[in-house]
Amino acid sequence: MTTTVGTATPLLEVRGCTMEFPGVRALDNVSFTLMPGECHALVGENGAGKSTLSKCITGENRMTAGELYADGKPVKLSGYSIRESQHMKIAIVHQEFQLMNDMTGLENIFVGHYDTRGGFINWKKLEVRARKLLEFLQCDIELNVPVKSLRTAERQIVQLTKALLDEPKVLILDELTAVLQEKDILNIFRIIGILKSRGIGVIYISHRLDEVFSCCDSYTVLCDGRFVSSGRVADITKQQLIRMIIGRELSGAYPPINENLGETILEVKNLTAPKAFRDVSLSVRAGEVVGLAGLLGAGKTELVNAIFGHHRVVSGKILVRGREVNIHNPRRAIKLGMGIVPDERRMLGLNMLFDIKDNTTLPSMRKFRVGRVFQNLRAEARAAYEVNERLNLKYYSLWQNVKKLSGGNQQKIVVAKWMLRECDIFLLDEPTRGIDIGAKFEIYTLVNELARAGKAVILVSPEMEELIGLCNRIYILFEGKVMDEVEGERKTQEVIINSLLGVSAHE
Ligand SMILES: Nc1ncnc2c1ncn2[C@@H]1O[C@H](COP(=O)(O)OP(=O)(O)OP(=O)(O)O)[C@@H](O)[C@H]1O
Ligand SMILES: [Mg+2]
């Protein structure tokens, strides 16, 4: 028997779930209940076990112990698999992209669900179906190009479309909004509202707690694989939730912005890349943190990648310390003293076959060289240990494969590896994506320390508060053009939002 609340039977109930990976107990006796028509937030620090619990529900992970009930009936776990959970109409949008990059959006959406006629796939019919779903989502996405050419946020919408294909009864959104911007997030809330009114239960995983208060009815907090508490969102404050998640108060104060600026280190003049940005000019001085703000498609990621030699430009100049440089590829950029935290950690940020230590020290190998051929492995391991400890990485060994870390912990390594290398110019594209609220402030302190050490930092962030709190100056991009540049008194949410939307501040 399952517990019934009022007259309703839970859509889903997990009882006493324990899940062990070799050597790691990711979940320890966790219970969780999802009611129909409810949006239930699943929160906790990086590595708390949120994704693992989701995968236990979808059958991707097999629980070591515990029970699962769907619609009040026990589910036989011995043969439980993804196929079974799909049959029970449980859908998930994974934290890490699970798309086939060379296939089109349409192919990705329908993989495994092809509608065939006489042995042939009826693409027309499939496209009509996908378009209908996109219309419901109010998103316009090119479906007939390989998904690798889509923006990160657009790829996320492809994943959501795929999850909604079979009209799920339970929808798990694992950090869906981590790659989305304010406007798209509001759209997601609208969609969740509609799903809820249809009696669908949503499990909502996010580190952005404001979202929990805007769109969730109830919450469950996990910590180190254990259940901490559960209840109704209306009964708690954000402060209380933070305390439940990190076990302490959060000061929430940004470190004071460094005002001690030196010479101009990086200068970009009239840089243009077709379909991404045009005629962009900006400069960063030593000790300065310069922000890039803009909506989806404004060209921020492309601009950062272009500076790093990873996106083709057709005209314009890049100057490092006043000297014009030609950056054809990332290797050249690294030679010139640049480091990048890219917006896609799995493809560009980490080598998924390497362990934590190698990933962390890869760009700084030379620092640990003794003589011409020897490597001081001990010093290397020590440095990797120190920087990862600082970011509160949850791991059991430095020689552990990064693939097995939680999403947020992988992101911490991408940040750590560039922190270790002595770069002069840091290009940080959403460095705190998917990072829990406690560790976020550690990254803010690191960024501040970089500035104090005289480094030049470019920071891209979808969170306005983060930009205002950390940057000396903020450039606002709108449809590939610099719309405005704010500093001092003009560095306010209002001015930035107006420019983000393309409303000129000088009108
Ligand atoms: N395939 C795996 N093999 C071994 N350990 C794993 C594996 N997947 C996850 N873990 C471990 O299980 C724990 C919980 O990870 P999980 O991914 O569920 O965290 P999470 O709460 O989703 O964190 P985040 O907010 O960073 O996404 C972590 O300690 C992680 O290292
Ligand atoms: Mg996760």
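The values are calculated or read from the model by the stated rules, or taken from the named source; none is laboratory data. The shown structure was predicted, so the numbers you read here are calculated from the model rather than taken from an experiment. Don't worry about glycine lacking a Cβ; one is built from the backbone with ideal geometry, like all the others, and counts go over all protein chains shown. Just the protein is used for accessible areas: all its heavy atoms, side chains included, with ligands, DNA and RNA removed. Shrake-Rupley method; radii C 1.70, N 1.55, O 1.52, S 1.80 Å.
Within the range 178-205, being touching a strand residue (DSSP E or B) at 6+ places or on another chain (Cβ under 7 Å) and not in a helix (DSSP H, G or I) holds for 200, 201, 202, 203, 204, 205. Of note, residue 227 satisfies the criterion of being among the aromatic types (Phe, Trp, Tyr) and crowded, with 17+ Cβ neighbours inside 10 Å.
Check 211, 182, 167 and return the single one that is of a type outside the set (Lys, Arg) and on the phi > 0 side of the Ramachandran plot. Spell out the reasoning first.
Values: 211 fails: on the phi > 0 side of the Ramachandran plot; 182 fails: on the phi > 0 side of the Ramachandran plot.
Within the list 211, 182, 167, the selection yields 167.
Among the residues of the range 268-304, how many are over 23 Å from residue 446 (Cα atoms) and acidic (Asp, Glu)? Going through the range 268-304 one residue at a time, the tally reaches 2. Residues in the range 262-321 that are among the β-branched types (Val, Ile, Thr), in a strand (DSSP E or B) and surrounded by fewer than 19 Cβ atoms within 10 Å (Cβ to Cβ): 264, 272. Restricting the range 466-491 to residues that are in a loop (DSSP other than H, G, I, E, B) and closer than 13 Å to residue 291 by Cα leaves a set whose member that is least open to solvent (accessible area, probe 1.4 Å) is 471. Looking for something open to solvent by 20 Å² or more (accessible area, probe 1.4 Å), away from ligand 1 (no atom under 16 Å from the Cβ) and without any contact (Cβ under 8 Å) to a residue 24 or more places away in the chain - is there at least one such residue anywhere in the range 161-177? Scanning the range 161-177 turns up no residue that is open to solvent by 20 Å² or more (accessible area, probe 1.4 Å), away from ligand 1 (no atom under 16 Å from the Cβ) and without any contact (Cβ under 8 Å) to a residue 24 or more places away in the chain.
Scanning the range 227-247 for residues that are of a type in the set (D, E, K, R) and under 15 Å from residue 33 (Cα atoms) turns up just one, 232. Within the range 386-432, the set of residues being away from ligand 1 (no atom under 16 Å from the Cβ), under 20 Å from the mean Cα position of the chain (by Cα) and among the acidic types (Asp, Glu) comprises 429 only. Considering only residues in the range 272-326 that are under 26 Å from the mean Cα position of the chain (by Cα) and of a type in the set (D, E, K, R), the one that is modelled with the highest pLDDT turns out to be 288.
Residues of the range 452-463 being under 13 Å from residue 292 (Cβ atoms) and either open to solvent by less than 10 Å² (accessible area, probe 1.4 Å) or over 23 Å from the mean Cα position of the chain (by Cα) (or both), which ones? Quick ask: steps written out before the conclusion?
Of the range 452-463, the ones under 13 Å from residue 292 (Cβ atoms) are 457-463.
Those that are under 13 Å from residue 292 (Cβ atoms) and either open to solvent by less than 10 Å² (accessible area, probe 1.4 Å) or over 23 Å from the mean Cα position of the chain (by Cα) (or both): 457, 458, 459, 460, 461.
Each residue in the range 83-93 was checked for being open to solvent by 30 Å² or more (accessible area, probe 1.4 Å) and either in contact with a Pro (Cβ under 8 Å, 6 or more places away or on another chain) or closer than 22 Å to residue 225 by Cβ (or both), and 2 of them qualify. Each residue in the range 102-159 was checked for being closer than 18 Å to residue 190 by Cα, of a type in the set (S, T, N, Q) and buried (at least 18 other Cβ atoms within 10 Å of the Cβ), and 2 of them qualify. For the range 400-451, the tally of residues that are within 14 Å of ligand 2 (Cβ to nearest atom) and open to solvent by 20 Å² or more (accessible area, probe 1.4 Å) stands at 4.
Filtered by the rule that a residue be at positive phi and more than 14 Å from ligand 2 (Cβ to nearest atom), the range 37-56 gives a lone residue, 37.
Selection of the range 350-399 for residues being open to solvent by 60 Å² or more (accessible area, probe 1.4 Å), of a type in the set (A, V, I, L, M) and assigned to a helix (DSSP H, G or I) yields 362, 365, 377.
The residues on offer are 186, 195, 222, 209, and the sole one that is in contact with a Lys or Arg (Cβ under 8 Å, 6 or more places away or on another chain), surrounded by fewer than 20 Cβ atoms within 10 Å (Cβ to Cβ) and among the aliphatic types (A, V, I, L, M) is 209. Just one of the listed residues (61, 46, 29) is open to solvent by 20 Å² or more (accessible area, probe 1.4 Å), within 14 Å of ligand 1 (Cβ to nearest atom) and not small (Gly, Ala, Ser), and it is 61. Restricting attention to the range 245-252, does a residue exist that is within 16 Å of ligand 1 (Cβ to nearest atom) and surrounded by 20 or more Cβ atoms within 10 Å (Cβ to Cβ)? Checked against the condition, which is being within 16 Å of ligand 1 (Cβ to nearest atom) and surrounded by 20 or more Cβ atoms within 10 Å (Cβ to Cβ), the range 245-252 yields at least one hit.
If you check residue 34 against the conditions, is it open to solvent by less than 10 Å² (accessible area, probe 1.4 Å), within 26 Å of the chain's Cα centre (by Cα) and either within 12 Å of ligand 2 (Cβ to nearest atom) or acidic (Asp, Glu) (or both)? In short, no. Touching a strand residue (DSSP E or B) at 6+ places or on another chain (Cβ under 7 Å), of a type in the set (Phe, Trp, Tyr) and more than 14 Å from ligand 2 (Cβ to nearest atom) - does that describe any residue in the range 208-217? No, the range 208-217 contains no residue that is touching a strand residue (DSSP E or B) at 6+ places or on another chain (Cβ under 7 Å), of a type in the set (Phe, Trp, Tyr) and more than 14 Å from ligand 2 (Cβ to nearest atom).
Would you please name the residue that is nearest to ligand 2 (Cβ to nearest atom), looking only at residues in the range 20-31 that are touching a residue at least 60 places away in the same chain (Cβ under 8 Å) and within 22 Å of residue 403 (Cα to Cα)? Talk me through it step by step, then tell me what you get.
Initial filter on the range 20-31 (touching a residue at least 60 places away in the same chain (Cβ under 8 Å)): 21, 23-31.
Filter again for within 22 Å of residue 403 (Cα to Cα), leaving 21, 23-28.
On the way: 21: 14, 23: 19, 24: 14, 25: 16, 26: 10, 27: 12, 28: 17 Å.
The selected residue is 26.
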